[in-house]
Amino acid sequence: MEEETFGPDMPFNYNPGIKSDPEAFLKEMDSIPLFMNSLDDEVIEENPTLAALQALKYDGTPEENAKDFKDQGNECFQAGKHKYKDALQFYTDGIEQKCKDKELNSILHSNRAAVNLELGNFGKVLRDCAKALEYNPNNIKAFYRSGKACYILEKIPEALDCCDRALALDPKNKGVKDLKIKILRRKQELEEKEKRRLQRIAEEEKEKQLLTQTIKDRKINIVSNNEFLKKYPVQKENAVRLDKETKELLWPVFFLYPEYKESDFISGFNENNTFEEHLEVMFGDPNNPAPWDKDHVYTPDNLNVYFETYSKNGEKTKLLKVPNKMKLKTVLSNSKFTLIDMIPAFIILPKNSKFTDEFIDNFLHKE
């Protein structure tokens, strides 16, 4: 059986061997007035004979004209991409003849769909194929092209339906059978992808519930007002999270240095780590002090950690000092500690410092 061709329908007497170079053939045809694709209005006005020859294109019956346009559209399509625009115009001209030949109208719409399929105009493909099938419900190529457009658009059920309808008409059609295999393969890929997505959502929800319960078990006083987040925005990936293996909370923590209006952000402060451990990492190297620490007084053994306390109406009331050897978990569970916007923040001040004395004094006596 001869392999099915899914380009535009060729006329019965079409012989590809007659012209080995479609582009040269079209160029030759375009030089003949009767077959010219386009002419300037001025040229036509100046040449009545040429205008008369061009008019002959429409002198036949609607059926004859439509068939001529179809054949010219086929020639353009076979010539390649640079002639697709002309092919579209010829098929459109044929459709506009409004001939009464339903089979021919079906072919014109189906062929125009073939061009738009190559151009990636999939919405137009589907509209033309639907119209082609109105004229001829047995147009296999219209089903094929519609199915291919749906496949590319990942409308898998619709694509399979098109293939099944085509195969009901021609069970051995190789082009349609091959397309259906591709669609079924893609269907399986999409189903597996969706399955993984749903599993991921379920796992994330489970982790979220476990995280919420773990925080609740810590009996932390939590307040959300977004004020801290506005000043110190934190990315979602740096929010508090639960270590899957140890079940320990990892907190986003800010160390604030009011003396220099600087801060450090620790993205995963393990709740069982002490403040001393982090201060040692950050300030323990005497050869690599903080760039803003001009006097080199910010060293682990010369720093105190504080947190602010709040009244019931949300006003800051006191500064409480935290022992450097205390774990973060212990501080967060302290009844006097208020966790603002799920981001623990601590003030770091040097010992025996004039700035520290003034800062604490101003804090205690502010109105």
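Every number in this text was worked out from the coordinates using simple rules, so none of it is lab data. Keep in mind it's a predicted model, so treat the numbers as computed, not measured. A quick note on method: Cβ atoms are made from the backbone with ideal geometry, for glycine too, and the neighbour counts reach across all protein chains shown.
Ranking Ser335, Ser267, Asn302 by Cα position along the charge dipole of segment 227-365, where only Lys, Arg, Asp and Glu carry charges on their C-beta atoms, puts Ser335 farthest toward the positive end. Once the Cβ-Cβ distance of Asn221 and Trp292 is raised to the sixth power relative to R0 = 41 Å, the FRET efficiency obtained is 0.80.
For Asp178 and Lys312 in the same chain, what is the full-extension length gain: residue separation times 0.36 nm, less their Cα-Cα distance, in nm? So the extension gain works out to 41.1 nm.
Overall, segment 328-367 carries a charge dipole of about 220 debye about its Cα centre when +1 sits on the Cβ of Lys and Arg and -1 on the Cβ of Asp and Glu, all other atoms neutral. About the Cα centre of segment 85-178, what is the dipole size in debye to 20, counting +1 per Lys and Arg Cβ and -1 per Asp and Glu Cβ, all else neutral? Result for segment 85-178 is approximately 60 debye, rounded to the nearest 20.
Taking a ≥ b ≥ c as the square roots of the eigenvalues of the alpha carbon gyration tensor, segment 227-365 is oblate, as a/c is not under 1.5 and a/b does not beat b/c.
For Ile152 and Phe265, FRET efficiency with R0 = 45 Å and r from the beta-carbon atoms, rounded to 0.05? Before the final figure, lay out the partial values.
Details: r = 46 Å, r/R0 = 1.02.
Computed FRET efficiency for Phe265 and Ile152: 0.45.
Note on Cys76, Cys99: ascending count of other Cβ atoms within 10 Å places them as Cys99, Cys76, the fewest first. Length available on full extension from Asn334 to Asn138: 0.36 nm per residue minus the Cα-Cα distance, which gives 62.7 nm. Cross-link pairs exceeding 21 Å between alpha carbons, from the set Lys261/Lys312; Lys247/Lys321; Lys155/Lys195; Lys219/Lys247: Lys261/Lys312; Lys247/Lys321.
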